[in-house]
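The values are calculated or read from the model by the stated rules, or taken from the named source; none is laboratory data. Remember, predicted model here, so these are calculated numbers, not experimental data. We place every Cβ from the backbone using ideal geometry, glycine too, and count neighbours over all the protein chains shown. Keep in mind that these areas ignore ligands, DNA and RNA; they rest on the heavy atoms of the full protein, side chains included. Shrake-Rupley method; radii C 1.70, N 1.55, O 1.52, S 1.80 Å.
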Amino acid sequence: QEQLVESGGGLVQPGGSLRLSCAASGSIFASNIMGWYRQAPGKQRELVAWITRSGSVWYRDSVKGRFTISAVAAKNTMYLQMNSLKLEDTAVYSCNVPASAQLPWGQGTQVTVSL
């Protein structure tokens, strides 16, 4: 079964930037769409952004203008460029298909925004 591996998280100050990667063992667009999720402590997992094979994208309002989702199908990898990070962006970020039929979750990558 396809596996997802997230990387690129870390500790950054408010206003800083990080670039997350999501590597799939198979085709990153096997389901024609992939997304980034995040889960902050004590909160439910939420969808942050998605991208389709054709290049359509969507962002939740709280990250619009700051985050950019992209993918390189030939590398089976999806990215999330995060700029102007805020304290409230602190969470474990994971990737998966934004649909009812999802892949097994990877371990995610921790993003901590702190003074």
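Note down the magnitude of the dipole of region 1-96 about its Cα centre, charges +1 on Lys and Arg C-beta and -1 on Asp and Glu C-beta and zero elsewhere, to the nearest 20 debye.
140
Please state, rounded to one decimal and in Å, the Kirkwood hydrodynamic radius that the chain gives when every pair of distinct Cα atoms enters the mean of 1/r.
Taking the inverse mean of 1/r over all distinct Cα pairs, the chain comes out at 13.9 Å.
Calculate, in nm to one decimal, what L11 and R45 gain on full extension: separation in residues at 0.36 nm each, minus their alpha carbon distance.
The span from L11 to R45 would gain 10.2 nm if fully extended.
If I compute solvent accessible area with a 1.4 Å probe over the protein chains, what percent of it on the chain is carbon and sulfur?
48
For region 59-71, take each phi angle, set θ = phi - 60°, evaluate the Karplus expression 6.51 cos²θ - 1.76 cosθ + 1.60, and give the result in whole Hz per residue in order, putting x for glycine and proline.
10, 6, 4, 5, 10, 4, x, 10, 9, 9, 9, 8, 7
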